[in-house]
1. Using the structure shown, decide if residue 13 is in contact (Cβ under 8 Å) with a residue 40 or more places away in the chain and among the acidic types (Asp, Glu).
2. Take the residues in region 1-17 that are assigned to a loop (DSSP other than H, G, I, E, B) and at pLDDT below 95, then tell me which one is surrounded by the most Cβ atoms within 10 Å (Cβ to Cβ).
3. Residues of region 18-45 being of a type outside the set (S, T, N, Q) and surrounded by 13 or more Cβ atoms within 10 Å (Cβ to Cβ), which ones?
4. What residue, among those in region 21-62 that are part of a strand (DSSP E or B) and polar (S, T, N, Q), is nearest to the chain's Cα centre (by Cα)?
5. Given the criteria at pLDDT 95 or above and crowded, with 19+ Cβ neighbours inside 10 Å, does residue 76 qualify?
6. Exactly one of these conditions fails for residue 165: (1) more than 23 Å from residue 50 (Cβ to Cβ); (2) at pLDDT 95 or above; (3) surrounded by fewer than 17 Cβ atoms within 10 Å (Cβ to Cβ). Give me its number.
7. Residue check, residue 70 against (1) exposed (fewer than 14 other Cβ atoms within 10 Å of the Cβ); (2) at pLDDT 95 or above; (3) touching a strand residue (DSSP E or B) at 6+ places or on another chain (Cβ under 9 Å), all met but one. Which one?
8. How about region 151-162: which of its residues are out of contact with any Ser or Thr (no Cβ under 8 Å at 6 or more places or on another chain) and modelled with pLDDT of 95 or more?
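The values are calculated or read from the model by the stated rules, or taken from the named source; none is laboratory data. Not measured: the values here are computed from a predicted model. Quick reminder, even Gly has a Cβ in these numbers, built from the backbone with ideal geometry, and neighbours come from all protein chains shown.
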Amino acid sequence: MFESGANVARALEAAGADLDPAQVQPNGVDLTLGGAFRQTEPGHIGRDGKTVGDREPLAVDGAAEDGDGTGNGTAEDGDGTGNGDVYRFEPGAYVVEYGEPVRIPEGHVGFVYPRSSLLRNSCMLNTAVWDAGYEGVGEGLLQVGRPITIERDARIAQLVLAEAAHEDTYDGAYQGEGL
């Protein structure tokens, strides 16, 4: 059974999230865009470990090159002053960091889904399962099919919690990420 949005909000607030009431939905809580990155080096996933490739934050001064087919993006403020309130994404793949810390409560599993406004704008957000006990500021893969601008702190995803039986809680490499 999935938890109500109010219960999901309580779990996020316990993790330190400062939620706007508009983020609380009937069946989950909207997560916002906290930051965006472009992966610059290859990663590796092996049988005995993994390496996440280096990445760089999208420029917040509007100085990064884009529009040249490289999939680069920039952040701007929307009024041309370069204060970093708006990300402009060209087609390509980006790692996005959510704006809220998350704590998945014992007896639950977390699922993150894209908001329909991303889908309606030719974008997709790929995510992974968050196990019981996970704490951190999570990330997703934003795939951009057509150019789009997204303001920092705009709602891009929804976290839902489902009751789940489990043997242990999460204690992996990403525990506490971004906190």
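1. No: the conditions fail for residue 13.
2. The qualifying residue surrounded by the most Cβ atoms within 10 Å (Cβ to Cβ) is 17.
3. Matches in region 18-45: 19, 24, 28, 29, 30, 31, 33, 34, 35, 36, 37, 38.
4. Here the answer is 32.
5. no
6. The failed condition is (2).
7. So the condition that residue 70 fails would be (2).
8. 158, 159, 160, 161, 162
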